[in-house]
1. For Ile108, indicate whether it is closer than 16 Å to Tyr26 by Cβ, touching a Lys or Arg at 6+ places or on another chain (Cβ under 8 Å) and at pLDDT 90 or above.
2. Kindly indicate which of Thr120, Thr113, Thr146 is in contact with a Phe, Trp or Tyr (Cβ under 7 Å, 6 or more places away or on another chain) and of a type in the set (S, T, N, Q).
3. Of the residues Leu127, Leu117, only one is touching a strand residue (DSSP E or B) at 6+ places or on another chain (Cβ under 8 Å) and either more than 8 Å from ligand 1 (Cβ to nearest atom) or of a type in the set (A, V, I, L, M, F, W, C) (or both); which?
4. Quick one: count up the residues across the range 159-196 that are within 11 Å of ligand 2 (Cβ to nearest atom), buried (at least 17 other Cβ atoms within 10 Å of the Cβ) and part of a loop (DSSP other than H, G, I, E, B).
5. Contact list please: Cβ distance under 6 Å, first residue in the range 158-183 and closer than 25 Å to Glu31 by Cα and away from ligand 1 (no atom under 16 Å from the Cβ), second residue small (Gly, Ala, Ser) and part of a helix (DSSP H, G or I), pairs at least six apart or on different chains.
6. For residues that are within 16 Å of ligand 2 (Cβ to nearest atom) and either in a loop (DSSP other than H, G, I, E, B) or at positive phi (or both), tally how many sit in the range 86-126.
7. Which pairs do you get when a residue that is surrounded by fewer than 16 Cβ atoms within 10 Å (Cβ to Cβ), found in the range 44-61, comes within reach of a residue that is of a type outside the set (Phe, Trp, Tyr), reach meaning Cβ atoms under 6 angstrom, with the pair 6+ apart or on two chains?
8. Does the range 148-156 include one or more residues that are touching a residue at least 24 places away in the same chain (Cβ under 8 Å), assigned to a helix (DSSP H, G or I) and either within 16 Å of ligand 1 (Cβ to nearest atom) or on the phi < 0 side of the Ramachandran plot (or both)?
Amino acid sequence: MSAQRRSWAEKLCPDAKSALFALFPYDAGPETGNLSRYARGADYHAVAGRALNCFVLQVQPYYPANRFVVLTDDSPLPEAFGACLCGAGRLGDNGLIFDGAHGSFVFIGAVLTDLALPPTPGGRGCLHCGACRRACPTGALGADGTVDPSRCLSALTQQGGELPPAAAAAVAAAPRIWGCDVCSEACPLNRGAAPSPNPAFTENRILSLAPGDLEGLTRRQFQERYPERAFTWRGPAPLRRNLALQQEKEQNDANP
Ligand code: SF4
Ligand code: SF4
């Protein structure tokens, strides 16, 4: 962890000694849709946050002098690496954590604590088969397992404002308007991944959005129409832009 991340962790939990990691399987299957598979069910920030807060409520009475801080996504911890170190799964060359049953279709939540806990064994590596790197449409995956966020469609589709020309061209040709999934779907460790047992992620899903679903909505109206959804945090503007880029490309391809 960088000095900046250590100081962020120290602010959240002074004298932190341990981190607990939990995986939340989210996938319901490979149906077609223009939203990433992670964003089709309930927003994991809310689901994982509630589950981990419930966990803390149960353990806190046994350790009244200790602090437990729940972290979901907005975290100083290197989540995938940490989850790998504690034995929750293996780390892939695409930067994702894989568990034995659900592949990389898992969210990570963490609890940072000043309670000293013994480490659990872990750290199995991925197959290093390179399928994720070969499949990535934008060359965002480095040979050393790093992901370049300026090229990764998962980051670009969520970026606000006007995109630079190269990024706009990549989003226009992307398989999704939010997120990506290409490297996950190419990975052999994800073959036969078991569906999530959590109805928050498998019921009441939204697979795709069309222009009419976003038309005329302010940011607040958008978030009210789709409460607790991971694709709403940036408002409707990036989704509208991504849909427009993809439609324009489709038209240009049809009438060269
Ligand atoms: S596709 Fe191969 S190299 Fe990439 S994460 Fe999966 S097993 Fe590892
Ligand atoms: S999410 Fe998509 S763009 Fe990002 S590294 Fe994976 S395949 Fe490449």
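1. So Ile108 does not fit the description; no.
2. Going through Thr120, Thr113, Thr146 in turn, just one is in contact with a Phe, Trp or Tyr (Cβ under 7 Å, 6 or more places away or on another chain) and of a type in the set (S, T, N, Q): Thr113.
3. Leu117
4. So the count comes out to 6.
5. Short answer, once both residue conditions are applied: Trp178/Ala39; Gly179/Ala39; Gly179/Ser154.
6. Number of matching residues: 9.
7. Going by the 6 Å Cβ cut-off, the qualifying pairs are Ala46/Glu228; Asn53/Val70.
8. Going through the range 148-156, the residues touching a residue at least 24 places away in the same chain (Cβ under 8 Å) turn out to be 152-154.
Narrowing the set further to residues that are assigned to a helix (DSSP H, G or I) leaves 153-154.
After this cut, where a residue has to be either within 16 Å of ligand 1 (Cβ to nearest atom) or on the phi < 0 side of the Ramachandran plot (or both) as well, the list is 153-154.
Among the residues of the range 148-156, at least one is touching a residue at least 24 places away in the same chain (Cβ under 8 Å), assigned to a helix (DSSP H, G or I) and either within 16 Å of ligand 1 (Cβ to nearest atom) or on the phi < 0 side of the Ramachandran plot (or both), which makes the answer yes.
The values are calculated or read from the model by the stated rules, or taken from the named source; none is laboratory data. Everything numeric in this text was worked out from a predicted model, so none of it was measured. Counting neighbours? That spans all protein chains shown, and the Cβs are built from the backbone with ideal geometry, glycine included.
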